[in-house]
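Encoded as structure tokens, the structure appears first; notes follow it.
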Amino acid sequence: MTDSGKAAFLAHLGEVLAGIEAEGLMKRERLIHGPQGAHVEVAGRRLLNLCANNYLGLADDPRLVAAARGAMEGQGYGMASVRFICGTQNMHRALEARIAGFLGMEDAILFAACFDANGGLFEPLLGPEDAVISDSLNHASIIDGIRLCKAKRYRYANSDMADLEVQLQAARADGARFILVATDGVFSMDGYLAKLAEIRALADRYGAMVMVDDCHATGFMGPQGRGTPAHAGVSVDILTGTLGKALGGALGGYIAGPQPVIDLLRQRARPYLFSNALPPAVVAAGLAALDIVEAADDLRAQLFENARYWRAGLEDAGFRLLPGQHPIVPVMLGDAVLAQNMASALYERGVYVAGFFFPVVPKGQARIRTQMNARLTRDDLDFALDAFRAAGKAVGALA
């Protein structure tokens, strides 16, 4: 590219960024000093943290830190290789077997992140003779993964079982060989649970398989934290998930399912074949996290009690919430600028949150997405409720 061509390109990008700024849609990052936790330090201030996916408070748990440190001392810092060349250690297979056993599946396969897991899932398994039916509010990683495969695509309105049946009928009428219904277990922007019992029943009626992304459920939903299928009392065919939320909050994703599915993914899933293996520290901490989570009924109970108390307090204050029972509690504000002003006002009052707005959520549905942590105390929540009331009045979100 010539200098003038490059200058024109960069000027174009500058105009795009200026437009984002003018619309009030610019996302900014704030630097956290120290570990992730129920409280974080930002710019020398200790803030109450209500926006991390750290549901069980394990991100700074000493047991995970010790497991990670021990693995680095014994197994090194990184693998410097993909899995099939020289990047697989015994602990990688141990974690895959542990995940599979925890979820009641035959096997599991690790990825750098669940975004990669979802991105690598569909293309190896489904061809042009097949169909994939996706919930309209599925995570971007599912959408991108489906785009990469050659299967015919169908979409149903969020959790609309009548529409799902219409799409299943259409896929069958179009002669699909295999049909896969794909859904989030929890829709992370809203905190809604997928209707897995109804999805399973419809899929069985039309001879379809069910895939669930359970990132916002594994570790704390269902008996022993085994996720939304366990919560709903059903089985699904393929589960994807993450180590980056309730299971320690670092990185790493997985796919769990039948042995032939996992075996074929090892051969053909591109994010698996062309990405470095997870580092030993992450793998060891993942194993430790699963041991903790299986026995963490007390943390799960506290998490959902915190969510109940928090939701009731926000409703009493007059905020508009989306209904639900999940530890994700969105405070609906509508306007992107108002959401950012609210986040800033809360920051000044000692509460760390983030405004969510287009393109992360649809236009007109800007919000503060709050998330509960089992380590938050009643005093923490009362402090946050006082801050929300004061900030809401200051920015015009409350009368």
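The values are calculated or read from the model by the stated rules, or taken from the named source; none is laboratory data. Because the structure is a prediction, the values reported are computed rather than measured. For neighbour counting, all protein chains shown are included, and Cβ atoms are generated from backbone atoms with ideal geometry for every residue, glycine included. The protein model used for the area step is the full one, side chains on, heavy atoms only, and it has no ligands, DNA or RNA in it. Shrake-Rupley method; radii C 1.70, N 1.55, O 1.52, S 1.80 Å.
Is it the case that some residue within segment 15-37 is farther than 24 Å from ARG367 by Cα, of a type in the set (A, V, I, L, M) and surrounded by fewer than 11 Cβ atoms within 10 Å (Cβ to Cβ)? No; the residues of segment 15-37 include none that is farther than 24 Å from ARG367 by Cα, of a type in the set (A, V, I, L, M) and surrounded by fewer than 11 Cβ atoms within 10 Å (Cβ to Cβ).
Taking the criterion of being of a type in the set (A, V, I, L, M, F, W, C), in contact with a helix residue (DSSP H, G or I) (Cβ under 7 Å, 6 or more places away or on another chain) and under 30 Å from GLN325 (Cα atoms), the residues of segment 145-188 that qualify are ILE146, ALA157, MET161, LEU164, LEU168, VAL181, ALA182, VAL186. Given the structure, is LEU202 touching a helix residue (DSSP H, G or I) at 6+ places or on another chain (Cβ under 7 Å) and surrounded by 15 or more Cβ atoms within 10 Å (Cβ to Cβ)? Yes: the conditions hold for LEU202. Put simply, of LEU265, LEU202 the only residue that is outside the structural domain of HIS326 (by the TED database), farther than 27 Å from ASN158 by Cβ, in a helix (DSSP H, G or I) and at pLDDT 95 or above is LEU265.
Yes/no matrix, rows are residues, columns are (1) in a loop (DSSP other than H, G, I, E, B); (2) surrounded by fewer than 22 Cβ atoms within 10 Å (Cβ to Cβ):
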| site | (1), (2) |
| --- | --- |
| PHE84 | no, yes |
| ARG98 | no, yes |
| GLY101 | no, yes |
| LEU110 | no, no |
| GLY127 | yes, yes |
| ILE133 | no, no |
| ILE142 | no, no |
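Kindly establish whether TYR77 is hydroxyl-bearing (Ser, Thr, Tyr) and within 28 Å of ALA307 (Cβ to Cβ). So TYR77 does not fit the description; no.
Among the residues in segment 148-159, are any in contact with a strand residue (DSSP E or B) (Cβ under 7 Å, 6 or more places away or on another chain), open to solvent by less than 10 Å² (accessible area, probe 1.4 Å) and outside any loop (DSSP other than H, G, I, E, B)? Yes: one or more hits. Within segment 348-383, how many residues turn out to be over 24 Å from the mean Cα position of the chain (by Cα) and part of a helix (DSSP H, G or I)? So the answer is 6.
Residues of segment 214-244 being aliphatic (A, V, I, L, M) and part of a strand (DSSP E or B), which ones? The answer is ILE238, LEU239. I'm checking my understanding of the structure. Among residues of segment 160-173 that are free of Cβ contacts under 8 Å to residues at least 24 places away in the same chain and either of a type in the set (A, V, I, L, M) or within 27 Å of PHE111 (Cβ to Cβ) (or both), which one is least open to solvent (accessible area, probe 1.4 Å)? Only one residue tops the list, namely ALA170. On inspection, GLY207 fails the criterion of being out of contact with any Cys (no Cβ under 7 Å at 6 or more places or on another chain) and under 14 Å from THR240 (Cβ atoms).
Being closer than 20 Å to TRP310 by Cα, among the small types (Gly, Ala, Ser) and either touching a residue at least 40 places away in the same chain (Cβ under 8 Å) or not assigned by the TED database to the domain that holds ASP316 (or both) is the filter here; which residues of segment 345-398 pass it? Selection gives ALA345, GLY350, ALA354, ALA374, ALA384, ALA387, ALA390, ALA391, GLY392, ALA397. Against the test of being basic (Lys, Arg), at pLDDT 95 or above and closer than 19 Å to PHE220 by Cβ, the options ARG63, ARG46, ARG69 yield a single qualifying residue, ARG63.
If you go through segment 292-347 and keep only what is open to solvent by 20 Å² or more (accessible area, probe 1.4 Å) and touching a Pro at 6+ places or on another chain (Cβ under 8 Å), you end up with PHE304, LEU321, LEU322. Report yes if some residue within segment 79-86 is without any contact (Cβ under 8 Å) to a residue 24 or more places away in the chain, assigned by the TED database to the domain that holds ASP237 and not basic (Lys, Arg); otherwise report no. Checked against the condition, which is being without any contact (Cβ under 8 Å) to a residue 24 or more places away in the chain, assigned by the TED database to the domain that holds ASP237 and not basic (Lys, Arg), segment 79-86 yields at least one hit.
Among (1) open to solvent by 40 Å² or more (accessible area, probe 1.4 Å); (2) touching a residue at least 40 places away in the same chain (Cβ under 8 Å); (3) over 28 Å from ALA157 (Cα atoms), which single condition is PRO223 missing? For PRO223, the exception is condition (2).
When LEU247 is tested against (1) farther than 24 Å from CYS149 by Cβ; (2) of a type outside the set (Phe, Trp, Tyr); (3) in a helix (DSSP H, G or I), just one condition goes unmet, and that condition is (3).
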